[in-house]
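Right, one structure below, let's go through it.
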Amino acid sequence: MAQYSTNRWNAELYDTKMGFVSELGKGVLDFLAVQAGESVLDLGCGTGDLTAAIADAGALPVGIDLSDEMIRQARDKYPSLCFAVANAETYRTEQSFDAVFSNAALHWMKRPADVIDSIWLALRPGGRFVAEFGGKGNVQTIVAGITEVLADYGIDAWQRHPWYFPSIAEYSTLLEQRGFTVAYACLFERPTPLGTESDAIADWLDSFADPFFYDFSAKEKAAAYRKIADKLRPKLYMERNWVGDYRRLRVVAYKERDNGQSRN
Ligand code: BEZ
């Protein structure tokens, strides 16, 4: 059976049609409050737009992403910046960063304790971790539509669910177990415009929900997307706009200089 890899990204489609990912992520940069000269690891940097915003603020960012296509595009767009293809679940670096930042990436990583381990080890004592990603209940209307349609094909969507959407309690506990001090955690609704065209939801499914349909032919996929769009239209198509029912988890946590429990 074909194996799906969440590393299969279309960087061009991501930049042209999903530009809102970086645009809406700019809010979390305020929480990072980057200082000139700081070193910042941007974890799951995609095509590098927020890495570039961090550099514009005077910091020295390094962007990593699992997708070589995303990193190629990031390097093309921002040749003076430092990017690397890397898996955040196993990432190790000699550098000791002042901050680790992540926007709209951690929900793709289904081994969160391993990611938190990588973050901890990448930070200097006193460093901070600032992130935003999908939290508990994120895109639940879309997931319900996918689940219903896949059931018609005899497929249990849960077996293919590619995302990790934790609650505040679950994620804070993981952070605290690794030694972090959680200074801030907030779960909030962020209705997200996905586009005005009638096939905007199909573009979204094509960009982000492919793991559910990894063994579908292009024709089968198009038919499934149409069925899902029909189910979702009454709930998510408003005033000629598709609006995704996004729910974000935003966290700020510190690796305190001496918390008596650091393992490294
Ligand atoms: C998100 O940014 O919340 C998200 C994006 C794609 C798929 C699922 C969630």
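The values are calculated or read from the model by the stated rules, or taken from the named source; none is laboratory data. Predicted model, so just to flag it, every value in this text is computed and none were measured. Note that we place each Cβ from the backbone using ideal geometry, even for glycine, and neighbour counts take in every protein chain shown. Protein only, heavy atoms only, side chains kept; ligands, DNA and RNA dropped before computing areas. Shrake-Rupley method; radii C 1.70, N 1.55, O 1.52, S 1.80 Å.
Placing R0 at 22 angstrom, the Cβ-Cβ distance between R124 and V85 gives a FRET efficiency of 0.40 after rounding to 0.05.
Put simply, when 113-121, 126-134, 194-202 are sorted by average Cβ atoms within 10 angstrom per residue, most first, you get 126-134, 113-121, 194-202. About the centre of its Cα atoms, the chain shows a dipole size close to 380 debye [charges on the beta carbon of Lys, Arg (+1) and Asp, Glu (-1) only; nearest 20 debye].
For segment 16-142, the per residue solvent-accessible surface stands at 38 Å², with DNA, RNA and ligands left out and a 1.4 Å probe.
What a 1.4 Å probe finds exposed on the chain is 49% carbon and sulfur by accessible area, rounded to a whole percent.
Packing here is the average count of other Cβ atoms within 10 Å per residue, and on that basis the peptides 137-149, 212-224, highest first, run 137-149, 212-224. Distance between the 7 Å Cα→Cβ label points at I168 and A151: 3.2 nm. State whether the chain is rounded, prolate or oblate according to the following rule on the C-alpha gyration tensor (a ≥ b ≥ c being the square roots of its eigenvalues): a/c under 1.5 gives rounded; otherwise a/b larger than b/c gives prolate, and the remaining case gives oblate. Prolate, because a/c is 1.5 or more and a/b exceeds b/c. Classification of segment 98-186 by its C-alpha gyration tensor yields a prolate form. The axis ratio a/c (a ≥ b ≥ c) is 1.5 or more, and a/b outweighs b/c. Fully extending the segment from K110 to K26 would add 27.8 nm, taking 0.36 nm per residue of separation and subtracting the current Cα-Cα distance. Counting lysine pairs in the chain whose alpha carbons fall under 16 angstrom apart, excluding pairs fewer than 8 residues apart on the same chain, gives 4. Shape class for segment 169-220: oblate, because the ratio a/c of the largest to smallest gyration tensor axis (alpha-carbon atoms, square roots of eigenvalues) is 1.5 or more and b/c is at least a/b.
Sorting C186, C82, C45 by accessible area puts them as C82, C186, C45; the probe is 1.4 Å, largest comes first, and only protein heavy atoms count. For the peptides 231-237, 250-256, the ranking by mean Cβ contacts within 10 Å, running from highest to lowest, is 250-256, 231-237.
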